[in-house]
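Written below as structure tokens is the structure these notes are about.
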Amino acid sequence: MPDAPASDLLPRESILRDAALVMGKDLRIERHSKVTLGQLLPFALLVLILFAFALDPDRRILEEATPGLFWLAVLFSMLLAIQRAFSVETADGVIDALRLSDLDPAGIFLGKAAGIGLHLLVLEAALLVGVTVLYGTTPHGWLLLAATMLTATAGLAAAGSLYGVLAAGLRVRDTLLPILMLPVVAPVLIAGTEAFTAAYEQSSGEGWRWCGLLAVFAALYVVIGIFAFEPLLEES
Amino acid sequence: MDAVVRFRAAVCLLGRFPALAGVDLDVAPGEIVLLQGPNGAGKTTLLRACAGLVPVTEGEATVLGVDLVADRRPVRPLVGVLGHRTGLYDDLSVAENVRFWSRAGRSRVADADAALARLGLDGRLADVPVAMLSAGQRRRTALAILVARRPRLWLLDEPHAALDQDGRDLVDRLMTDAVGAGATVLFASHELDRARAVAHRTVTVAGGTVSGLLDGAVAAPAAEPAGEVPVA
């Protein structure tokens, strides 16, 4: 006979514990499915190679455009990562199960964003190696480079989680998400490119200002996500 | 004792279509109530409304003391839902799914492991990805989550569907055991002979309304509830 209806439940966990639970689940899904390693990573590297094919006649342009091409490749890969992250939440009634759970919606948001962010950081590390090898460019300001990647990734992951859940309940989500997302993350493309350009050209002073802009963007979307995720989850 | 479910002239709109068009329903603590009716009658919507998954736009609706018209979200952690869709992650194993959803419902890992054993999922099946399961095995996994969470109100939509004979018998035992332990069960089924055998009473849903009662208006629960149920 089953135990009596639960009256001895564990105390409600903090938002961060909920976030860790959701992120851990997403990392386990990746460990089993290997979508990031098996599909997103090859896709991102393929984009770099195609850029090289398109611009190779003039190697100098390719080198100058490296920061922008890097972040374009990140943005394209990000769209696939977000679609994947939220497709697992909409399959077979999972989104209802999330609503019925005792997880704090803000914790779900932070967990999804953290999971997406970790996947993006892996992709960005691989892309950095890719541009170094394929385009023959070597950055100098490693600290600025790392800070830019961290802040830009946080912003992309937070904005992506917000728009991912917004589009999750729609039949046209796969085509709608890029239309919604790309204009929103345009500041990340601009600031990331400028900060990377500074890191490649050893003019890090200007780069740090762009990095600060990325941090503001990330903080803004984290705060918006914490408050807006619940109503969006209700509507999805 | 106050009703676990109390609906008065409750209306639920799906878009502009009134899926529930003025439902009156009372379910007492410790009851097993069967919802019967044709496809599209509103049984699933009624169960989802009880779970706080669809809004009640008019009338009164109280479940486990929670006023669903005012705010339906607080009722969700108190109920367990088994719907047509199982709510499982395909890429996670059976055990990973049950443990994740148990923790998401603030249950202990030990409860999840006990539920896996109860549903016969603690052997080699525990490590199998859900994507590789049969429909019946997925159903068992979803039931294991329900057992682990020990909800106060079980809301089951076609709980016998896709299950083999053993599985169907197990579902019946789970319902009676849950009621024996103090929970309440509201379920919809088209397998009327089996369902009526386990239900204390039957309610007919048709055209978005509860149109009649069968087997007596209120039948005494088979077992006295052992646990406390919140009152309105």
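The values are calculated or read from the model by the stated rules, or taken from the named source; none is laboratory data. Because the structure is a prediction, the values reported are computed rather than measured. We place every Cβ from the backbone using ideal geometry, glycine too, and count neighbours over all the protein chains shown.
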* Asked: Consider A:Pro57 against the criteria (1) of a type outside the set (S, T, N, Q); (2) part of a helix (DSSP H, G or I); (3) under 30 Å from A:Trp142 (Cα atoms); (4) at pLDDT below 90: it satisfies all of them except one. Which criterion is unmet?
  -> (2)
* State whether the residues of the stretch B:106-115 include one that is closer than 27 Å to A:Arg17 by Cα, more than 11 Å from every other protein chain (Cβ to nearest Cβ) and not basic (Lys, Arg). => yes
* Do we find a residue being of a type outside the set (A, V, I, L, M), within 12 Å of another protein chain (Cβ to nearest Cβ), touching a helix residue (DSSP H, G or I) at 6+ places or on another chain (Cβ under 6 Å) and over 17 Å from A:Ile95 (Cβ atoms) anywhere in the stretch B:81-94? -> yes
* Filter result (surrounded by fewer than 21 Cβ atoms within 10 Å (Cβ to Cβ), within 16 Å of B:Val147 (Cβ to Cβ) and either in contact with a Cys (Cβ under 9 Å, 6 or more places away or on another chain) or of a type outside the set (S, T, N, Q) (or both)) within the stretch B:176-193 -> B:Asp177, B:Gly180, B:Ala181
* Qualifying positions in the stretch A:102-128 - in a loop (DSSP other than H, G, I, E, B) and crowded, with 24+ Cβ neighbours inside 10 Å -> A:Leu103
* **Hits in the stretch B:97-112 - residues which are surrounded by 22 or more Cβ atoms within 10 Å (Cβ to Cβ) and either of a type in the set (A, V, I, L, M) or touching a Lys or Arg at 6+ places or on another chain (Cβ under 8 Å) (or both)** => B:Val98, B:Phe100, B:Trp101, B:Ser102, B:Ala104, B:Gly105, B:Ser107, B:Asp111, B:Ala112
* Asked: Does A:Thr137 satisfy the condition of being away from chain B (no Cβ under 14 Å), at pLDDT below 95, in contact with a Ser or Thr (Cβ under 7 Å, 6 or more places away or on another chain) and part of a helix (DSSP H, G or I)?
  -> no
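With respect to B:Leu78, determine if the residue is in contact with a Lys or Arg (Cβ under 7 Å, 6 or more places away or on another chain) and either at the interface with chain A (Cβ under 9 Å from one of its Cβ atoms) or not basic (Lys, Arg) (or both).
So B:Leu78 passes the test.
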* Asked: So which residues in the stretch B:123-157 are farther than 19 Å from B:Tyr89 by Cβ and free of Cβ contacts under 8 Å to residues at least 40 places away in the same chain?
  -> B:Gly123, B:Arg124
* Asked: What is the one condition in (1) of a type outside the set (A, V, I, L, M, F, W, C); (2) surrounded by fewer than 17 Cβ atoms within 10 Å (Cβ to Cβ); (3) at pLDDT below 95; (4) assigned to a helix (DSSP H, G or I) that A:Gly24 does not satisfy?
  -> (3)
* Structure fact -> Among A:Ala157, A:Ala199, A:Ala147, the single one that is within 30 Å of A:Leu100 (Cα to Cα) and touching a Leu at 6+ places or on another chain (Cβ under 9 Å) is A:Ala157
* To do: Please go through the stretch A:107-122 and pick out each residue that is of a type in the set (Gly, Ala, Ser) and more than 17 Å from B:Trp101 (Cα to Cα).
  => A:Ala113, A:Ala114, A:Gly115, A:Gly117
* To do: Tell me, please, whether a residue that is in a helix (DSSP H, G or I) and surrounded by fewer than 18 Cβ atoms within 10 Å (Cβ to Cβ) can be found in the stretch A:190-197.
  => yes
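Looking at B:Val69, B:Val75, which is the one that is among the β-branched types (Val, Ile, Thr) and touching a helix residue (DSSP H, G or I) at 6+ places or on another chain (Cβ under 9 Å)?
Details: B:Val69 fails: touching a helix residue (DSSP H, G or I) at 6+ places or on another chain (Cβ under 9 Å).
Within the list B:Val69, B:Val75, the selection yields B:Val75.
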* Scope the stretch A:33-92; condition surrounded by fewer than 20 Cβ atoms within 10 Å (Cβ to Cβ), of a type in the set (Phe, Trp, Tyr) and closer than 24 Å to A:Arg173 by Cβ; matching residues -> A:Phe43, A:Phe76
* Which helices (runs of 4 or more DSSP H) does the stretch B:69-153 wholly contain that include 1 or more residues that are under 15 Å from the mean Cα position of the chain (by Cα)? -> B:135-149
* Asked: Among the residues of the stretch B:95-105, which ones are of a type outside the set (Asp, Glu) and at the interface with chain A (Cβ under 7 Å from one of its Cβ atoms)?
  -> B:Phe100, B:Trp101, B:Arg103, B:Ala104, B:Gly105
* Asked: Of A:Leu110, A:Leu41, which residue is in contact with a Leu (Cβ under 8 Å, 6 or more places away or on another chain), among the hydrophobic types (A, V, I, L, M, F, W, C) and within 18 Å of A:Gly155 (Cα to Cα)?
  -> A:Leu110
* Boolean, A:Leu98 is part of a helix (DSSP H, G or I) and either away from every other protein chain (no Cβ under 14 Å) or touching a Ser or Thr at 6+ places or on another chain (Cβ under 7 Å) (or both) -> no
